[in-house]
Amino acid sequence: MAVRIVRLGTRRVRGEGLRVGTVRRPPRGVAKSEHAAGDWYDVWLPELAPSPALLKFGRAVSSPGEWTRYRREMTAPDKTHLLRLLALLSARADFSVGCYCADETRCHRSVLRTLLEEHGATIVS
């Protein structure tokens, strides 16, 4: 059992399980009824997405080290509880979390991977 870090909208891999979207907004032009069928996500969890202000900043980020503000946002108690929950679930179920960005190194997904690992999640590629 483990969690995968994925790009939303990409083809699912065998055994991926439930897909969780950690994005601020649903995919544009996609009906809500098509989110799962289109390989976007099964469950939307915007609480683990960067804040709107940070999203603007994030578009200019060129390396994971520049996502320190996102890391700071994720220290809020409600965010920490969600990270712990996902880490614990990774020991009992297969699922994935992700966002839309094409390049994980320029996206909050890279930091989310690290945060989940720090909370004890089992992560697979």
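Quick look at the values:
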| read-out | value |
| --- | --- |
| Residues that are open to solvent by 50 Å² or more (accessible area, probe 1.4 Å) and either of a type in the set (D, E) or closer than 15 Å to P46 by Cα (or both), drawn from the stretch 8-27 | R24, R25, P26 |
| Complete set of residues in the stretch 22-50 that are closer than 14 Å to L112 by Cα and out of contact with any Pro (no Cβ under 8 Å at 6 or more places or on another chain) | L45, P46, E47, L48, A49, P50 |
| Breaking point among (1) assigned to a loop (DSSP other than H, G, I, E, B); (2) touching a helix residue (DSSP H, G or I) at 6+ places or on another chain (Cβ under 9 Å); (3) aliphatic (A, V, I, L, M), for V30 | (2) |
| Where T10 falls short, out of the listed (1) closer than 16 Å to E104 by Cα; (2) modelled with pLDDT under 95 | (2) |
| Single residue of G17, G29 found to be on the phi > 0 side of the Ramachandran plot and in contact (Cβ under 8 Å) with a residue 24 or more places away in the chain | G17 |
| The stretch 94-112, residues that are touching a Cys at 6+ places or on another chain (Cβ under 8 Å) and closer than 9 Å to L8 by Cα | C99, C101 |
| Matching residues, the stretch 83-102, being surrounded by 14 or more Cβ atoms within 10 Å (Cβ to Cβ) and over 17 Å from Y70 (Cβ atoms) | R84, A87, L89, S90, D94, F95, S96 |
| Filtered residues of the stretch 109-120 (kept if open to solvent by 50 Å² or more (accessible area, probe 1.4 Å) and closer than 13 Å to L48 by Cα) | R113 |
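To keep it simple, each residue is scored yes or no on (1) surrounded by 12 or more Cβ atoms within 10 Å (Cβ to Cβ); (2) at pLDDT 95 or above.
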residue: K32; (1), (2): no, no
residue: H35; (1), (2): yes, yes
residue: D42; (1), (2): yes, yes
residue: L48; (1), (2): yes, yes
residue: P77; (1), (2): no, yes
residue: C107; (1), (2): yes, no
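The values are calculated or read from the model by the stated rules, or taken from the named source; none is laboratory data. Since the model is a prediction, treat every value here as computed from it, not as a measurement. Virtual Cβ from ideal backbone geometry, glycine too; neighbours counted across all protein chains shown. What goes into the accessible areas is simple: the full protein's heavy atoms, side chains included, and nothing from ligands, DNA or RNA. Shrake-Rupley method; radii C 1.70, N 1.55, O 1.52, S 1.80 Å.
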